[in-house]
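These notes concern the structure reproduced below.
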Amino acid sequence: MLTRWNEIEKMVGAMDLFRSHFDKALWRENTPCYVRGDGYDKTQSLPTNVTDTGDSLVLLAEVPGVKKEDLSININGTSLEIGGSRKNTLPEGFKANRKERMERSFSRRFTLPYEVDADSIEASLNNGILRLILPKSEAARPKQITVH
Amino acid sequence: MNKTKDMPTPAPQGKVTESQKTRLPRLTPAVDIYESDNAFQLLADLPGVVRENISINVEKGKLSLSATRSGVSSKEANWQEFADVEYERIFSVPQTIEVDRIEAQFSDGVLNLHLPKSAAAQPRKISIATA
């Protein structure tokens, strides 16, 4: 139980852990929900939730305003990379009074704790949430061992 | 051993009432506001929300937007960076908005509100009549 949590933590990265501690310290009820990364850096990180269901890894990511065509998901061995961009087109004839939703391009790489079956990965995008289901490869699944 | 890493919840002020304990954490959605001669356009990021859970109310010069997101938090999650929240934000709207003609659209987790200005509020050129 303890090792599994540690694997997931390593996967998401120590740097992110540090950043989330900072977010907790600076949390204020009225802060717009993503003021992650600094204003100068256009490549921002992607809020992600990971659940290990035993047979697969389920990954949820917040990508509002991003269309399927603008998302790129690549898997290479145990390295999963999710990237994409969102354009903020100013409507014709309008000028901006307030801009909080930054035009963003994001990219995040994960080192998965086990091999996954790349051919049966399912990805769906609904209401701005990306859901990735990564089935573990046979060798990585939990198995029952019977004692004779 | 606590496996989940939860989103921080804002600390309740003073005594914690029953409703505060069960209430979802509140989050302010990021918005863009654009203006043209005849309308305002408001775009709000509400990822993970379903259309039925959004409520938009205009009353006494205030536009209040609220939406609930559920289904992203899970007790079994190993790593959680975003949670089930209630998005809420209130804006003051000028008197010049024609409330009856406000239109809203929601796609890809982004809410798009079109707020037309009333005809009286639009800029008009005033020409001087020749005497």
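Could you order the peptides B:75-88, A:63-76 from most to least packed, using the average number of other C-beta atoms within 10 Å per residue?
On the way: B:75-88: 19.1, A:63-76: 15.3.
The peptides rank, most packed first, as B:75-88, A:63-76.
Take peptide B:107-117, look around each residue's Cβ out to 10 angstrom, count Cβ atoms belonging to other protein chains, and average those counts. Present the calculation step by step, with values, prior to reporting the outcome.
Values: counts 4, 12, 10, 8, 1, 1, 0, 1, 0, 0, 0.
Partner-chain Cβ atoms within 10 Å, mean over residues of B:107-117: 3.
Provide the FRET efficiency to the nearest 0.05 for the B:ILE56-A:LEU90 pair, computing r from the beta carbons and using R0 = 22 Å.
0.45
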Handout entry: B:SER36 versus B:GLN95: modelled label distance in nm, points set 7 Å from Cα along the beta carbon direction
Key = 2.6 nm
Handout entry: Ranking by accessible area, most exposed first, for A:ARG108, B:ARG51 with a 1.4 Å probe
Key = B:ARG51, A:ARG108
Practice task
Shielding by partners for A:115-123, please: the mean number of other protein chain Cβ atoms within 10 Å of each residue's Cβ.
Solution key: 0
Practice task
Could you pull the accessible area for A:ILE145 with a 1.4 Å probe, rounded to 10 Å²?
Solution key: 140 Å²
Handout entry: Computed FRET value (nearest 0.05) for A:ARG141 with A:SER72, which takes r as the C-beta separation and R₀ as 25 Å
Key = 0.35
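Counting only other chains, and only Cβ atoms inside 10 Å, what mean value do you get across the residues of A:92-102? Walk me through the intermediate numbers first.
Details: counts 1, 6, 9, 4, 5, 7, 8, 6, 9, 8, 2.
Counting other chains' Cβ atoms within 10 Å and averaging over A:92-102 gives 6.
The values are calculated or read from the model by the stated rules, or taken from the named source; none is laboratory data. The structure displayed is predicted, hence computed values, not measured ones. Ideal geometry is used to build each Cβ from the backbone, glycine not excepted, and the neighbour counts take in all protein chains shown. The area values use the complete protein model at the heavy-atom level, side chains included, leaving out ligands, DNA and RNA. Shrake-Rupley method; radii C 1.70, N 1.55, O 1.52, S 1.80 Å.
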